[in-house]
Each structure stands twice: as C-alpha cells, then as structure tokens.
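First up is the structure itself, then whatever we jot down about it.
What follows draws every value from the coordinates through simple rules; no lab data is involved. As the structure is a prediction and not an experimental result, all values here were calculated from the model. For neighbour counting, all protein chains shown are included, and Cβ atoms are generated from backbone atoms with ideal geometry for every residue, glycine included.
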Amino acid sequence: MKKYLAILLSLFLMLFGLTACAEDPDSSGSSGGNGTDPPAVTADNVLIAYFSCTGTTEGIAELIAEETGGTLHEILPEVPYTEEDLDYYSGGRADQEQADPTARPAIANSVEDMEGYDVIFLGYPIWHGQAPKIIYTFLESYDFSGKTLIPFCTSHSSSIGTSDDNLHPLAENAEWREGRRFAGTESAETIAQWLEELDLTMKNDVSTFDLASGENGRAPTVTLNSGYEMPVLGLGTYSLHGDTVKNSVRAAIESGVRLIDTASAYGNETEIGEAIREAIEDGIVEREELFVITKIYPGSEMANPEAAIQGCLDRLNIGYVDMMLLHHPDRNDVKTYKAMETFAENGQIRSLGLSNWYIEEIDNFIAEVDIMPALIQNEIHIYYQEQDVVPYMHNLGIVMQAWYPFGGRGHTGEILNDPTILEIAEAHDRTAAQVILRWHLQRGVVAIPGSSDPDHILENISVFDFSLSGEEMQAIAALDRGTKFDWY
C-alpha cells in the first residue's frame, strides 16, 4: 500500500509540479527556522535572488523587492532555456537535468558583494516537484554561513513540497526559514502579510545620511528604528539658562534648526518649553516639525522613574517628548527604561534612547528591555572618535549622536585650531566648526553643538553646500587620540 501511494504521489507531482509553484493552507511561512532571534534587515542587506523562465517567479520577486527595498538579482543561465527545453515529459533539457542528481547548469552572472547581504530570498519555479538544478548551482557558488535564506516558489497548483528541504544541505551553515509557495497572480498585500509573518526585524541603515537632500538652514533627517524621523543636526543646551537658553532656542528655530537637546539635569526644560511654545504661537514652526530630546538622570530620578518622567513632560509642556534618554547607566536604569516604555506606549514619548552607553553595557541592557534604543548620545569629537563604538551601534540599528562635537567647554579652542582642521577649512572656504560638523555627519553621527550666539547657530546649520573628500575624512580620522574630556 505504501509503495502504491508513493507511485501515485510521484505521478501527481509529475503532472502538476513542473509548471511555474495559489497559497498552501499548510504553508504559513511564519518564522520556522532554528529558533534564533529574527534577523535584523535593512534595504541594503536584503537580496532577492530568483530564477524565472516565464516571468512568473520574477513577478513575485519584484513584489518582495518593493516591500523590503532589497536588491533584485536574476539568476541567468549561461545557456538560456528554449521552449523546446521546457517541453516537459518530452525528454528535453529540463527533464534531463531534473532527473540527473549531478546536473549543475552554468550561471552567466554573479552577485556582487554577496558578503554584504544578510538575508537572501531565493525564488524559483517548481520543476518535477523540485527547484530547478540551476538553484543548486547558485547555492554551491557562495558561502552562506550565518546568512538567512528564505525560499519561495511559484506554481499554479503544486506545493513547495520537499524542494525547500532538499536545498538545505547545499548551504548547511545558513539559517533556513520555512519556504512559501505563491501563484503568479498573488497580490502585494499577500506578499506584505507573508513578510510580516516571517517576523524579520526591519532595521534602517543608520550609518549614512542623505546629506545631499539637505540644504543650509534645513538639515536632512534619519529614520530611527522607532519609525520616526530625526534631524541629523541640532542644538545642544547644556549650561544655558534663563533668557539665554530661551533666546538660543528661538534663534535656532528661526535659523532652521529643528532638533533641540536638553535634560532634566540641565535645569532648563521649563525655559526651552516656553521658547518652543512661543515660536509655535508666533507661526514660526509647528510642533510636529520639532524633535525635542530630554534625559532622566541617575540617582533619585531613576529610583522614582515615573515621577521623574512626568516631571520632564510637565516642565517642557509641549504635548509630548520626541525622545527620552537615560542620562547614564545606573542600578535602576532598566527599571527606568521600562517606565519610559510605558510612557511610550501611551504616546507621551515617541522614541527611547541612551546616553553614555558603550559596547560593554549595550548588549546586556537590550536583552532586558522590550523597546530597542533608537539612539545613543556619547562624547564624540575629533580627538575621541569612538571608531569601535560607532559602527557597533550602527550595526544594531542605533543612531549615534555626539555631544561635545567640538570637544566641550575648555577644549573647543584647541579643536577648532587644530592645524589639520584649519587646512581643510581653508581649502573649502569654510570655518573650522563647519568642517568638524560636516565630518561628523559624513561618518553617520548626528551632532548637537551648543551655542548661545545666533551667528554661530546659523553657521552650524549651514554645512550642506560642501562635502569632504575621502582623503580629508581620512586625515581627520587620523587625529583620533582616544582622549575623553569628560568622565562619563
């Protein structure tokens, strides 16, 4: 009986399985895999590789690319398949290849920078119940160790069957996710639902900014992992108080600055809130245009986080806070962050982050919280560049932001008069401050220079009409001394 059923199954696959693999109710496409955390993906690290003779699989691949922003790559045979080759059950080329376990049709093209892709969607039609042998060639052509492979097939009727599992030995060190079958007429909505079921952690590439889209007086934005956009250049307000900080914020808003940083410990939230409300009332800016950051300080504030968080909201009195940070690590930092998560769920805080966090603290911390930090604000300047911390956090999808972008009070003069900086500034007919800010932005670091001088504030927001060359960026990178100017 078992043998008879096997023969019937084989005949069924031969009759229906060769057409290019409508939705299988038993194939949910949900995470599957080996139980590891969902891969974090960006538009830059997703590849959609597919083989398609009739255009059916290509159509699905294009829908996946539209949803993920990933790179499309068509697997092209060195010898294209003709209609005769695809005349199934005639003994033609496709029949012969599928019947030969050793068949490996040559591929005419290759993927550039395969090592740069972390998630690969692999698409193919179903031929005789299996993936075409050219897919075997593709899998044997690259090292997929540590990468996530997500197969999908197209067929008018047959399921993905064993075609998925039979590919696994060809890339044993990859994380294989459960495959999915689609009809050629699947909608974009179906593809989007499948991608959501895969539970991929979509992560924006925060290591580079689209500086060409900015202009003097209007900084471009970076999309945070919270989904909100934040300007890449703003105003720091540390040590500014009273009318000085109000005038500084007003001058910044009038100059086009839309990112303002403060903290409970600065003691100026009330004045900053007043300046913002006045600018809104005067029609200079709308609340949604501004991005306001504040921070909760260790010690008594983190010991009673709900009251501290509400205190920030009350003092600013601008409806909501765009981002709240933990000012430093503390024994109650996880407790405070979880309280911030509750305020975020209620819409009173839009994004969460950290200040003065480094590699040795971040991994343990994020394992204990539910919302991934969107930003880390650290001391970063030309003499303390954090060349290990910045890419590490970027790889986690966390934006890096520099307080003390000019080295901080007491050291600004030294940095602004660095001979290398002055030489580059002269070459571009720009100020040393503008060169340094441009350097921060070109390495993917948000900067919040502090100033109470309206002319300096305008100067700082005017760095989008020039760029530094690769050689100039390298020359500034060589200035790194690993020298911190503050204890944090």
Antiparallel DSSP beta bridges within the chain, as percent of all bridges there, nearest 5: 10
Cα-based shape type of the chain, given that a ≥ b ≥ c are square roots of the gyration tensor eigenvalues and the cut on a/c is 1.5: prolate
Shape category assigned to segment 376-488 from the gyration tensor of Cα positions, a/c cut at 1.5: rounded
Fraction of antiparallel bridges per DSSP, segment 85-170 only, in percent to nearest 5: 10
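Could you work out the relative contact order of segment 327-394? I mean the mean sequence separation of Cα pairs under 8 Å and 6+ apart, divided by the number of residues, in percent.
Details: 57 pairs, mean separation 22.1, N = 68.
32 percent.
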Fraction of antiparallel bridges per DSSP, segment 211-477 only, in percent to nearest 5: 15
Distance in nm between pseudo-label sites at Tyr358 and Glu281 (7 Å out along the Cβ direction from Cα): 4.6
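What pairs from Lys338/Lys484; Lys295/Lys338; Lys335/Lys484 go past 22 Å between their alpha carbons? Each step should come with its number before you reach the end.
On the way: Lys338/Lys484 30 Å; Lys295/Lys338 14 Å; Lys335/Lys484 29 Å.
The pairs that break the limit, which is 22 Å between Cα atoms, are Lys338/Lys484; Lys335/Lys484.
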Sequence of Arg104, Arg443 once ranked by neighbouring C-beta atoms within 10 Å, starting from the fewest: Arg104, Arg443
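Peptides 291-298, 409-416, 459-466, 138-145: what's the order by average Cβ count within 10 Å, highest mean first?
Details: 291-298: 23.4, 409-416: 14.8, 459-466: 20.5, 138-145: 16.2.
Packing order, densest peptide first, comes out as 291-298, 459-466, 138-145, 409-416.
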Gain in span if fully extended, Glu215 to Phe365, counting 0.36 nm per residue against the direct Cα distance: 50.3 nm
Tensor-based shape of segment 211-477 (alpha-carbon gyration tensor, a/c under 1.5 rounded, otherwise prolate or oblate): oblate
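So for each of 83-94, 396-407 I average, over its residues, the number of other beta carbons within 10 Å; can you give me the resulting order with the highest mean first? If you can, show how the numbers build up before the last one.
Values: 83-94: 14.4, 396-407: 24.1.
Averaged packing, sorted descending, gives the order 396-407, 83-94.
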Length gained when the stretch Asn395-Glu197 is fully extended (0.36 nm per residue, less Cα-Cα span): 68.9 nm
In nm, spacing of pseudo-spin labels at Asp243 and His168 (7 Å Cα→C-beta vector): 7.4
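Placing unit charges on C-beta atoms (Lys and Arg positive, Asp and Glu negative, everything else neutral), compute the dipole magnitude of the chain about its Cα centre in debye, rounded to 20.
Values: 28 positive and 79 negative charges, 150 e Å.
With only Lys, Arg, Asp and Glu charged at Cβ, the dipole is about 720 debye.
Hey, what number do you get for the chain at 222 nm if only DSSP H runs of n ≥ 4 count, each worth -39500 (n - 2.57), divided across all residues, to the nearest 500?
Details: 17 runs with 165 residues, N = 488.
Taken over the chain, the calculation gives -10000 deg cm²/dmol.
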